[in-house]
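The structure under discussion appears below in the form of structure tokens.
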Amino acid sequence: MKKTLKVTDIIALGFMTFAFFLGAGNIIFPPLAGQLAGENMLSAMFGFLVTAVGLPLIGIIAVAMAGGGWQGLTRDLPSKIATLMAVLIFIIIGPAFAAPRTGLVAYEMAVKPFMATDAGQASLTTFSVIFFAVALFFAWSRGKLIDMIGKFLTPALFIVLAVLAIAVFVNPQGSIVAAQGEYVTQAFTKGFLEGYNTMDTFAALMFGMLIVDVIRSKGVSDEKTTCTYLIYAGLIAAAGLAFVYISLFYLGATSTAITPNAGNGGVILTGYVMALFGAPGQVILSAIVLLACLTTAIGLISACADYFSSLTSLSYKKWAVILAVICAVVANVGLNQLIALSVPVLFALYPVAIALVALTLVRKWLPNPRLAYRVVLLVSFIFSMIDVAKYLKFDVSMFSDLPLFNYGMAWVLPTLIALAITRFVGGKSMGPQDKLA
């Protein structure tokens, strides 16, 4: 008899997926983008939703179409290249950037405002150790993730987010003003690029495997049923993320009177919540940030430990400990420094992740998938390096005639051309991997 999940389990699975995605970047970037976009908020918000909601959802669907794992996604690539890509992505969303960022944002927004005096580095170190120890505790109980996160932590998170969202729309704290900076003329594109900072397209490719493991731990073994549940989870998570982003963009757009010239979204959120709820508002905000950052840290540590344990002789629990310790150490670098370091890495690898998702979706129409995957991913990576060089202030003016060069998206047209060419060029691949299609 084929095992199926109850409706409550499917909803809990979706909530768990939503909680894994909703972390530090999802909270701090939309308010600032909303404030800077001002009267162009809608254009910027739609651009942000494309990369921060649409692409992760499509990524989850791609994982489902590929059979629920990284091996299926990359079966047309040389195994060493596929492994290298996976390791780099897991390092980015794990110990190098995304996971430590959850601890940093939790400290800056949920703990530091309650401190009478700034204890400096010692207080950050102490908090980092405690935060990632708690995340490690939950990550160890991997078989119970859906119950602990999907049925308890996430509903609590969603309730406090809903309270904030309703308050923002019912009682906005200011009027929407003129757009600033690049949002004046490039609102959609700027919002699109800001969505990179959430790192959720990377996370979608990797969380897909973790979610599949959770589904199978519930006794579901049928591959088609597993993939269906994976898509359901992605849809629920996407709806939740869209709700949060729209609320936070509107919050930011109406925040200028309260927090003019804010340096980051955390300052905007703190000021806005204080204006809405007074002193108790900081408690509400702290609850939102702590729950969001903690659930994401749990998911990232779990996903990374799961993958690295499959590559080495070390067990899942040992990898979870190693990753938690590294995250606690890296978190002491500081939030601004960590964000600055992550930007060129995102510019380099995000186009490759997007191209991989696109290839997975159109694979059955490619005459030679092996050729297409190699060519398209190589082209996307090469041209993404132009955007990296531009960000790092190197002279790349020789490429200025490329469409979207000025928008930091020089990779788009060459990647689309490579995909179009490989759709019609190349004989049918006869490799064993094509028999799996």
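Quick one: is ALA340 under 23 Å from GLY54 (Cα atoms) and in a helix (DSSP H, G or I)?
On the way: under 23 Å from GLY54 (Cα atoms): no; in a helix (DSSP H, G or I): yes.
So ALA340 does not fit the description; no.
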*Checking ARG363 against (1) under 14 Å from ASP76 (Cβ atoms); (2) buried (at least 23 other Cβ atoms within 10 Å of the Cβ); (3) touching a Pro at 6+ places or on another chain (Cβ under 8 Å), the condition it does not meet*: (2)
_Residues of the stretch 383-401 that turn out to be in a loop (DSSP other than H, G, I, E, B) and in contact with a helix residue (DSSP H, G or I) (Cβ under 7 Å, 6 or more places away or on another chain), as a count_ = 2
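Would you call VAL214 assigned to a helix (DSSP H, G or I), at pLDDT 85 or above and surrounded by 17 or more Cβ atoms within 10 Å (Cβ to Cβ)?
Details: assigned to a helix (DSSP H, G or I): yes; at pLDDT 85 or above: no; surrounded by 17 or more Cβ atoms within 10 Å (Cβ to Cβ): yes.
No: the conditions fail for VAL214.
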_For the list (1) over 23 Å from ILE236 (Cβ atoms); (2) at pLDDT 90 or above, I need the number of the one condition that TRP140 fails._
(2)
*Any idea which residue in the stretch 5-39 is farthest from ILE354 (Cα to Cα), counting only those that are among the polar types (S, T, N, Q) and touching a Gly at 6+ places or on another chain (Cβ under 9 Å)?*
GLN35
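Can you find even one residue in the stretch 124-132 that is crowded, with 24+ Cβ neighbours inside 10 Å and part of a helix (DSSP H, G or I)?
The first filter runs over the stretch 124-132 and keeps only residues crowded, with 24+ Cβ neighbours inside 10 Å, leaving 131-132.
Narrowing further to those that are part of a helix (DSSP H, G or I): 131-132.
Looking through the stretch 124-132, at least one residue is crowded, with 24+ Cβ neighbours inside 10 Å and part of a helix (DSSP H, G or I).
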*Residue that is surrounded by the most Cβ atoms within 10 Å (Cβ to Cβ) [pool: residues in the stretch 331-355 that are in contact with a Lys or Arg (Cβ under 9 Å, 6 or more places away or on another chain) and of a type outside the set (Gly, Ala, Ser)]*: PHE347
*Is it true that ALA348 is under 24 Å from SER217 (Cβ atoms) and in contact (Cβ under 8 Å) with a residue 40 or more places away in the chain?*
no
*Report, by residue number, each residue of the stretch 15-47 that is closer than 10 Å to THR296 by Cα and among the polar types (S, T, N, Q).*
THR17
*asked:* Going through ALA292, ALA275, ALA305 one at a time, which residue ends up being outside any loop (DSSP other than H, G, I, E, B), of a type in the set (A, V, I, L, M) and at pLDDT below 85?
replied: ALA292
*Output the residue which, of all residues in the stretch 7-36 that are closer than 21 Å to ILE258 by Cα and open to solvent by 10 Å² or more (accessible area, probe 1.4 Å), is modelled with the lowest pLDDT.*
ILE28
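Condition first: hydroxyl-bearing (Ser, Thr, Tyr), part of a helix (DSSP H, G or I), under 21 Å from the mean Cα position of the chain (by Cα) and closer than 30 Å to GLN282 by Cβ. Can you find one or more residues in the stretch 14-37 that meet it?
Going residue by residue through the stretch 14-37, those that are hydroxyl-bearing (Ser, Thr, Tyr) are 17.
Then drop every residue that is not part of a helix (DSSP H, G or I), which leaves 17.
Next, only the ones that are under 21 Å from the mean Cα position of the chain (by Cα) stay: 17.
Adding the requirement that they be closer than 30 Å to GLN282 by Cβ leaves 17.
Scanning the stretch 14-37 turns up at least one residue that is hydroxyl-bearing (Ser, Thr, Tyr), part of a helix (DSSP H, G or I), under 21 Å from the mean Cα position of the chain (by Cα) and closer than 30 Å to GLN282 by Cβ.
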*asked:* Restricting to the stretch 143-177, and then to whatever is modelled with pLDDT under 75 and open to solvent by 60 Å² or more (accessible area, probe 1.4 Å), can you tell me which residue is nearest to VAL329 (Cα to Cα)?
replied: LYS144
*Residue list for the stretch 369-388, filter: within 17 Å of SER342 (Cβ to Cβ) and either among the hydrophobic types (A, V, I, L, M, F, W, C) or open to solvent by 10 Å² or more (accessible area, probe 1.4 Å) (or both)*: MET385, VAL388
*For the stretch 250-272, which residues satisfy the criterion of being modelled with pLDDT of 85 or more, buried (at least 17 other Cβ atoms within 10 Å of the Cβ) and among the aliphatic types (A, V, I, L, M)?*
LEU251, ALA253, ILE258, ILE268, LEU269
*Selection within the stretch 181-191 - surrounded by fewer than 24 Cβ atoms within 10 Å (Cβ to Cβ) and on the phi < 0 side of the Ramachandran plot*: GLU182, VAL184, THR185, GLN186, PHE188, THR189
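Name the residue that is most open to solvent (accessible area, probe 1.4 Å), counting only residues in the stretch 402-427 that are assigned to a helix (DSSP H, G or I) and not aliphatic (A, V, I, L, M).
The qualifying residue most open to solvent (accessible area, probe 1.4 Å) is PHE424.
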*Could you figure out which of (1) open to solvent by less than 10 Å² (accessible area, probe 1.4 Å); (2) within 23 Å of MET85 (Cβ to Cβ); (3) hydroxyl-bearing (Ser, Thr, Tyr) isn't true of TYR307?*
(1)
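The values are calculated or read from the model by the stated rules, or taken from the named source; none is laboratory data. Note that the coordinates shown come from a computational prediction; the quantities given were computed from them, not determined experimentally. Neighbour counts are summed over all protein chains in view; Cβ atoms, including those assigned to glycine, are modelled from backbone coordinates with ideal geometry. Only protein heavy atoms, including side chains, enter the accessible area calculation; ligands, DNA and RNA are left aside. Shrake-Rupley method; radii C 1.70, N 1.55, O 1.52, S 1.80 Å.
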